[in-house]
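Peer 1: Provided herewith is a single structure, encoded as structure tokens, for subsequent inquiry.
The values are calculated or read from the model by the stated rules, or taken from the named source; none is laboratory data. Owing to the predicted nature of the structure, the values given are computational and were not obtained by experimental measurement. Methodologically, a virtual Cβ is constructed for each residue, glycine included, from the backbone with ideal geometry; neighbour enumeration extends over all protein chains shown. Protein only, heavy atoms only, side chains kept; ligands, DNA and RNA dropped before computing areas. Shrake-Rupley method; radii C 1.70, N 1.55, O 1.52, S 1.80 Å.
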Amino acid sequence: MKKFVNSMRVLLAASLFFASIFSCTSSAHFPIPGEKKVTQAALHAEYFLIADAYAELEKYDKAVQYYKLAMRDVNLYWSALYKLGRAYALLKNWAEAKDIYEKLLARDPQNMSLKLSLAYIQAMSGNFDEAKSAYENLIDEQRENETPLVNYIAILLSQEEIEASEAQLAILKERFPESTAISDFEKRIDDARKKQAEENETEELSANEQVVE
């Protein structure tokens, strides 16, 4: 509730700000050197605040619109772009999010947070080979972080790569024995094994029936 009230206050303040700008610009006066530049900077800063307010309210489609407006200010461009990418990801617009995170990572190639986000977006986009490659690198680079390993195992299981999943689960147990993901992965691997056994049995029965005929 407090988050909602604060966000609504920002939006109300912004509407009053816009009203004051338009009323000032409509009155006749001699231009002050640099006035237009200052006014535009203030306007873009307000766009950024409005976008943040909409994001807090989880109205990410609205936030996207205002982050794009804020990006017109070179001083806000990269901050607004990052938040725009996050908004797209929360909207599950993976294609737009992927393009933005790739651009951010090109600018800051050692940023682990960006690497993790991009790997996740690649997986959600269905680019599993890219995602697996990214997670493999992250597992080596972030040996103290279980997230890349957990996400990598999840992808392997989604692709029914059971043996590879078991191998990575063994690493997870060794490095992070307290991980809450272990029991879930064990069950999923066990279920996958049972499903595989049932499919093999069905194929064998079908083959035997064909021989008898």
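Peer 1: What pairs can you find where one residue is in the range 72-93 and within 16 Å of residue 125 (Cα to Cα), the other is modelled with pLDDT of 95 or more and surrounded by fewer than 19 Cβ atoms within 10 Å (Cβ to Cβ), and their Cβ atoms are less than 6 Å apart, with a gap of 6+ or different chains?
Peer 2: 88/96
Peer 1: Just need a number here: residues in the range 34-55 that are at pLDDT 95 or above and farther than 18 Å from residue 83 by Cα.
Peer 2: Total meeting the criteria: 0.
Peer 1: Out of the residues in the range 181-201 that are within 18 Å of residue 152 (Cβ to Cβ) and of a type in the set (A, V, I, L, M, F, W, C), state the one that is surrounded by the most Cβ atoms within 10 Å (Cβ to Cβ).
Peer 2: Per the criteria, the residue is 185.
Peer 1: Another question, then. Grab the helices (runs of 4 or more DSSP H) fully contained in the range 75-170, keeping just those with 3 or more residues being open to solvent by 60 Å² or more (accessible area, probe 1.4 Å). Give the derivation first.
Peer 2: Values: elements: 77-90, 94-107, 112-124, 128-141, 147-158.
Ranges flagged: 77-90, 94-107, 112-124, 128-141.
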